[in-house]
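Each reported figure results from applying straightforward, stated rules to the coordinates on display, with no laboratory input. Note that this is a predicted model, so its numbers are computed, not measured. Using ideal geometry, Cβ is built from the backbone for each residue, glycine included, and neighbour counts are taken over all protein chains shown.
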Amino acid sequence: MADIVSTVVDNYNYWIYITLMMIGLYAIIAKNNLVKKIVGMNIFQTAIILFYVSIGVKRGATIPILEHAHGSHGYGVVHAAEYVNPLPHVLMLTAIVVGVATLGVALALAIKVYNEYNTLEEDEILAQIREE
Amino acid sequence: MVWPIDLAILTLVVMVAIGSLMVKDLLGAAILFGAYSFMMCLLWTVMGAVDVAFTEASVGAGVSTVFFVGAVFRTSRRTRD
Amino acid sequence: MKIIGLIVAVLTGGLLVYAAGDFPAWSDPASPASTYLSPHFIEKTIEETSVPNIVTAVLADYRGFDTMFETTVIFSAGVAVFLLLRTSGPKTQQTRLYRHQLTGVTVRIKEGAELPPSDNFERIDRFWTPHDLIIKTVCRLLIPFIQLFGLYVIAHGHHSPGGGFQGGVILGASIILLAISHDLRTAIKRVAEKLDAVLCAIGVLIYAGTGALCLLLGLNFLDYKALAPVLHVDSIMARSHGILIVEIGVGVAVMFTMIWIYSNLSSGGKYNQGL
Amino acid sequence: MSSQYPALIVVVPLLAGLLVFIAGWVNKKWCFPIAVAALGISAYSSIGLLFRVINEGVIVYKMGGWDPPMGISYYVDHLNGLVLAVVSVVAFLNAIASKRSIEDEFPDNIGAFYALYVLMVTGLLGIVVTGDAFNLYVLLEIAALTGYGLIAMGGGRGSLSALNYLYMGTIGACFYLLGVGYLYIMTGSLNMVDIARILPDLYQSKAVMAAFIICMVGVWIKMAFFPLHAWLPNAYTYAPSASSSLVAPLVTKVMIYVMIRFILTVFTPEYSFNILAVSQPIVWLAVIAIVMGALLALKERNLKKMLTYIIVAEVGYMVGGAWLGNRVGMTGAILHIVNDALMTLCVFMAVGNIVYKVKGADFENLQGLFRKMPFTMGAFVVGAMSMIGVPPTCGFFSKWYLISGAIQAGHYGFMVALVFSSLVNVVLFFRIFEICYYEPFSDHHGHGDEHGHHPEPAMDEAPVTMLVPLFVIAVILVLVGLYTGDIVNQIIDVAIPKGLV
Amino acid sequence: METIVSIKPLLAVLVSLMVVPILASSRAPNVREAWTFVAAGVKFLIVLSMLPTILKGTEIVYTIAEFVPGAAIQFRVDAFGMLFALVSSSLWIITTAYSIGYMRALKEHSQTRYFVFFAVALSATVGVAFSANLLTMYLFYEMLSFATYPLVTHHQDKEARSSGRKYLLYIVGTSIGLVLPAMLICYNLTGTLEFGKQGFMAGAGASKGLIGLLMVMLVFGFAKAAIMPFHSWLPAAMVAPTPVSALLHAVAVVKVGVFSVVRVITCVFGTNLLLSLDLGTIIVFAASVTILVGSFIALSQDGLKRMLAFSTIAQLSYVVLGVGLLSPKGMTGGMVHIAMHAFGKITLFFCAGAIFVATGKKNMSDMVGIGRRMPITMTAFFIGALSIIGMPPCGGFISKWYLVLGSLQAQQIPVLVVLLFSSLLNAAYFMPFVYRAFFCKPEEAMFENTIKEAPPFCVVPLVVTAIISIILLFYPQPFVRLASMMVQSITGA
């Protein structure tokens, strides 16, 4: 029993990221409002970022900025175990920016759709298209 | 790293995410989404990803929310779900 | 749709949970991700690039190519939003309303008529709302500090968290704050649309141009070592300086793209009346 | 300079995209020359690169001078050398051809439009040339974001279709990103070749299997593989001509390239076909895709929309061919990437000319086109013949390999589906020809009428700048068909690993 | 077998394609038609120049491109291909002359398009004749299908449209649906598509069922041969202008069909294989049914062109029947029949066209007594009919003779019965018409006694073909020689 609890707690991050992702995915598919879908899409993206950041975590390590950096020239020997893995962070910086770029375009499209149909609800828009 | 904080934030994040999808007002959804981003930012700081957290704070919680608000302002706050 | 969504979500979630069982334990220092490539970055960054913030070094140098495209993504998003929303319809309306700020008197200007030359008039229209003096003043006071901080974040990205993105976003946010606290026209007076758009491209151009310069100087694309003779430093410091240059490019691009996207979004492409 | 070709292919369009954009604010006349020059350089270098690869073998280009697993490197082998050449040539030709329609449709925003156009090509070329799994994601997003912008320019339903495309595209890209994350957590590397080196020890891992499936699903969404195709027809139909003739030939094909790259390089054929053992269901999915694409195309009354459903069917061809699990089928799939890109370009460019002149692609708009636009229709016929699979146009030869592969794999369902879709294509295209040829009906009773009896519509052909590229591509269709043997022997055969028989 | 490499086959194919741009760009009818004549003449000369080489027993080979081993786009001129090329290229010249007369007399529209696609169709026909393998043959076969579509639907009215649909449905549907898969299965079994004298499928070691299936797919797949049940496109395609019907439906298209079927039987499967598996029976049966049913339907027709169309369906199956007998004499007869029937049937079509030009009549019941008005035309018609029936003094007699010998050689008495009975039927549907044209009572005659023929451009060609039909009886060389050479090389005798 303690085993299961510890497994669940240990991998809590993974479970949460999957939960968030599924919330986002469900929202994109099932939500009727275009802006809500966009919110879902961003939650989906953030969940993946959470997953990546979780990969980088290392027990007993600190942030990936080398210490004693100011003014001195000798850094001494740097041990990899002392710092968390920086690579996922780099990747996720990119992913966040991509996310905000997509968000901008998505919102612009939503505004255009709204100008065209005067509503953001997908079923109402489809009804209007069918009437044409 | 203090794991109870971690767990608490993780749980909160899920709640805020669900909240922002459930609330029947797009402006509210935008603000809750900002809160969600901020929670994420906290979480990543706890995990030691300071740069990512910094970016998320400025991009996710800041500019994204403003974009949402701007778009909602140009369209409508009304939503049925 | 809801049922399909639920099924898809559950199926995907099931697959992910199933696969998560095979992951290395969370925060395990011996996981492949922590032992294969990253130690090299952590241990060699100083030697090879002389940048203590490993994330900055990897971002702008080891994986600088990614970052260049990331900036391009932002730029193309800006262009896409512009193309989608910007409408260059007839600019002059039949009648315009102006308010004299000191007295609160509203003036109606008919087509062809001219406004008395004074800075105290403020155009009002459908989206006009009376502004709160306190908010305006506080924001106006805050904005220089925000911008200063933004510059610091870009410049100090080598040594502390931050860099071009964060700094650029903060700088952009300062102008957006101006637009929100006053109105879009005030912000546009500071950053004209044409200038804004051209600077977005120039920001990316600084990045890509630096890479291309390295290529012209005989090394591979984005190999900042090639800049050493130009900057009169050794090859490692050249990398460090190269990172700074591209971070500035990123900062410029991100700042102006954010302003640009915001202006288009909040005015619905009309660009004269904002949030 | 030729050692810098891999960088030039991508960097030149990137820089040009930015310059075009700035030029758009300064003087609109500069936009077109800059864009075309950049695409021309890109096409030239990619063809040069292809020949270098044929002569010298795989070329690795280290970005920033960092060695592969550390930094990002370009990895050009026969497979992506071929696809690169096709992508850049298609983009180049279409840029020339669409000059007039762009000036016509977006006189105010030429600079911005060309910027997006060139950046999209940058993204697509980058996807093909890169050897880094994460870099591919970033480039994927460039291609996608610019694509949304280009497609939504059509106005009307264009924005809604583009928004749907954006949702699906983002899910697809995120799935891909997640799959890469799974690979990263298991191997610690992002370089494709490096991952491939590490993976064999992990083939039994559930996480690796999940990574493979997630990547595949992501890519399938992006390429509109059958059950995930819903976004494609509307998005391509309501796009402006200049965009649709860039997006339609390239995006799906590039995504198929990514799929094949994953099957062949990142995961070995051994893993994809033998250990996973999911080939059969996937080929059956492809069969459904082909049949459904063909049937849905039959239903449409708009030329452009009909063509988009044919694209859905063609995606089925390539996915099915790649998953047959034998060398011939894979050859067919790769060859079809080339051929399908070219022939889709041909028909979409012809449609672009038609839309330019008659302002619509509904079937009613097409009446009497053989008289009005004989040259455009001539090229369209060549493209259509290729889609049907008539020799010596290139469409026949890839179909040949695909059907051969199906026979070798004993998968007769796939063979029947291919033949069925060819027959449906005959019906589809000859329906178009009939409308363009017969309608409006003239009563031709009594053969003694004098010659001038027909109210002959005056010839009203598209401008020369649109016709010349169209003819070039029509000729290329036949030439590629005749040189199929060389392409297969010298390029594709080398591109497929020896392990796949 | 000796072979030489020469570009001549390619030139023969290309010469008509090369004039296409000239034809398409010229607006003056005289220039256009002059060029067509030049191309036709040059083509015939090129084909003729290869004849001595072929008669010496040498084959001419030319490869354009090889895309997989064993399946190149390649030409190989052998005796049988030579025979067919000779027929079609010589008849192109005559038909061109006839077309000019016909089209001008009727003031047809879109004559440029007509001549362009005519030229393309001829290229494809010669391409089929010279194909060295199944792939090349398929290539030109498809090219011919699509090039003839605008010709069939020349009138661009509703009837033309529905006929065009039917035409394509049958021709392209069968070639893509049956030939293409069968060809690929063959390729995967043997790794080659190269026509062999003993058939390349001989060594494949496939089961009888598979071979039979493939044979059925290929024989019926080349639906231009109009073997029942894939025949009904042919009467439908008669909406085309008469020269098109004449050349394409008496010579090019349908003969390409039977040519392909013969190639399939002899060079894909090989006579020995089919004999050992006893698969010839299927072909013989299908052909016999087609002959009898086609003849009976022809008997009931009133439209002259429709009657000729059904007669063509029946006659084509003679060729298939002859080759399906798998006996040397039968095969020779079948091959020779391609030539004999071509000259005979084209005469008949020309006559039908000439009558239409001169009188505007299409139905036989409206033509009573026409012999008095158009004696030359009707005399030629009579000669053509005799040739088709297989009576001396016409060339048709020779091929029928060989066919009868072949059926005896193969000891197929039922086939002999079919042949004789069908000849009777042929006579039954031709002779009453001819009789009433010449010998009806004056009060029945629908025309006045004044002689008023069609324009000379129409009449001269049909006289020429009629005369050739007669000459062929006395001088059947080189067709019989070529056919027997081919049969020799097949049977090795």
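Annotation: the antiparallel percentage among DSSP beta bridges lying fully within the protein assembly as shown is about 90.
Each Cα pair under 8 Å and six or more residues apart adds its separation to the average, and for chain A the resulting relative contact order is 24 percent.
What is the distance in Å between the Cα centres of the stretch E:338-368 and the stretch D:247-267? The stretch E:338-368 and the stretch D:247-267 have Cα centres separated by 60 Å.
Cross-link reach is defined here as a Cα-Cα straight distance under 13 Å, omitting same-chain residues fewer than 8 places apart; for D:Lys305 the aspartates and glutamates meeting it are D:Asp362. Under a no-solvent Debye model with one identical scatterer per Cα of the stretch E:1-157, what's log10 I(q)/I(0) at q = 0.08, 0.19 Å⁻¹? After summing over all Cα pairs, the log10 values are -0.24, -1.13. Dividing the helix sum by the residues of chain D, where each DSSP H run of 4 or more adds -39500 (n - 2.57), gives a mean residue ellipticity at 222 nm of -24000 deg cm²/dmol. Taking each residue as 0.36 nm, the span from D:Val278 to D:Lys28 lengthens on full extension beyond its C-alpha to C-alpha distance by 84.7 nm.
Could you tell me the distance between the Cα centroids of the stretch D:112-134 and the stretch E:80-127, to the nearest Å? Using only Cα atoms to place each centre, the spacing works out to 52 Å. As a calculated quantity, the FRET efficiency between D:Leu479 and D:Val501 at R0 = 30 Å, using C-beta atoms, amounts to about 0.50. Distance between the modelled labels on A:His79 and B:Asp25, one decimal in nanometres: 5.4 nm (7 Å Cα→Cβ projection).
Shape summary of the stretch B:3-74, radius of gyration then Dmax from alpha carbon positions: 12.6, 42 Å.
Measure off 7 Å from each Cα along the Cα-to-Cβ vector at E:Ala65 and C:Asn120, then give the distance between these two points in nanometres to one decimal. In this crude label model, E:Ala65 to C:Asn120 measures out at 8.2 nm. 3J(HN,Hα) couplings calculated from phi for the stretch E:224-237 with the Karplus curve 6.51 cos²θ - 1.76 cosθ + 1.60 (θ = phi - 60°) are, in sequence order, 5, 6, 6, 6, 4, x, 9, 10, 6, 5, 5, x, 4, 6 Hz; Gly and Pro show x.
Averaged over the residues of D:396-404, the number of partner chain Cβ atoms lying within 10 Å of the residue Cβ comes to 4. Overall dimensions of the protein assembly as shown, expressed as equivalent-ellipsoid semi-axes from the Cα gyration tensor (√(5λ), whole Å, largest first), are 72, 36, 26. Of the residues C:Tyr271, C:Leu59, C:Val233, the one whose Cα sits farthest towards the positive end of the charge dipole of chain C is C:Tyr271 (charges of +1 on Lys and Arg Cβ, -1 on Asp and Glu Cβ, taken about the Cα centre).
Straight Cα distances below 18 angstrom link A:Lys112 to the lysines A:Lys36, A:Lys37, C:Lys270, with same-chain residues fewer than 8 positions distant left out.
Work out the FRET efficiency for D:Asp493 and E:Phe438 from their Cβ-Cβ distance, taking R0 = 51 Å, and round it to the nearest 0.05.
Approximately 0.15, to the nearest 0.05.
In whole percents, the pair-distance distribution calculated for the stretch E:3-491 from its alpha-carbon pairs, binned every 10 Å from zero, is 4, 22, 33, 27, 11, 3, 0, 0.
When Cβ neighbours within 10 Å are restricted to other protein chains, what is their mean count per residue of peptide B:5-11? Walk me through the numbers before you get to the answer.
On the way: counts 0, 5, 4, 0, 1, 8, 2.
Counting other chains' Cβ atoms within 10 Å and averaging over B:5-11 gives 3.
Summing charges over neighbours of D:Ala35, with a neighbour being any other residue whose Cβ is under 15 Å away from its Cβ, gives +3 when K and R count +1 and D and E count -1. Counting, for every residue in D:25-32, the Cβ atoms of other protein chains within 10 Å of its Cβ and taking the mean gives 1. With a cut-off of 16 Å on the backbone N, the residues of the stretch D:66-107 near the modelled label site 7 Å out from C:Lys44 along Cα-Cβ are D:66-73.
Can you give me the Cα centroid spacing of the stretch C:202-275 and the stretch D:8-34 in angstrom? Computed from Cα coordinates, the inter-centre distance equals 17 Å.
Order of D:Leu342, C:Leu215 from fewest to most other C-beta atoms within 10 Å? Mind showing how you got there, number by number?
On the way: D:Leu342 27, C:Leu215 19.
Taking fewest neighbouring Cβ atoms as first place, the list is C:Leu215, D:Leu342.
Setting aside same-chain residues fewer than 8 positions from C:Lys136, which lysines have a Cα under 22 Å from its Cα? Leaving aside lysines fewer than 8 places away in the same chain, those within reach of C:Lys136 are C:Lys189. By the beta-carbon count within 10 Å of each Cβ, the least crowded to most crowded order of E:Lys158, E:Lys255, fewest first, is E:Lys158, E:Lys255.
Percentage of Cα-Cα pair distances in chain D greater than 44 Å, rounded to whole percent? Taking all Cα-Cα pairs of chain D, the fraction more than 44 Å apart is 11 percent. Sorted ascending by nearby beta carbons within 10 Å, beginning with the fewest, D:His336, E:His249 become D:His336, E:His249. For E:Gly303, nonlocal amide neighbours, meaning residues 5 or more places apart or on other chains whose placed amide H falls under 5 Å from its own, are E:Met364. Over chain B, DSSP H runs of length four or greater, each weighted -39,500 (n - 2.57), average out per residue to a 222 nm ellipticity of -23000 deg cm²/dmol.
Taking chain C as a Gaussian network of alpha-carbon nodes connected by springs under 10 Å, the highest mean-square fluctuation of the residues C:Ile175, C:Ile109, C:Ile46 belongs to C:Ile109.
For the pair E:Leu408 and E:Gln477, a Förster radius of 25 Å applied to the C-beta separation gives a FRET efficiency near 0.55, rounded to the nearest 0.05. Around the amide H of E:Glu59, modelled in the peptide plane, lie the amide H atoms of E:Glu2, E:Thr3, E:Ile4, all under 5 Å away and 5 or more residues distant in sequence or on another chain.
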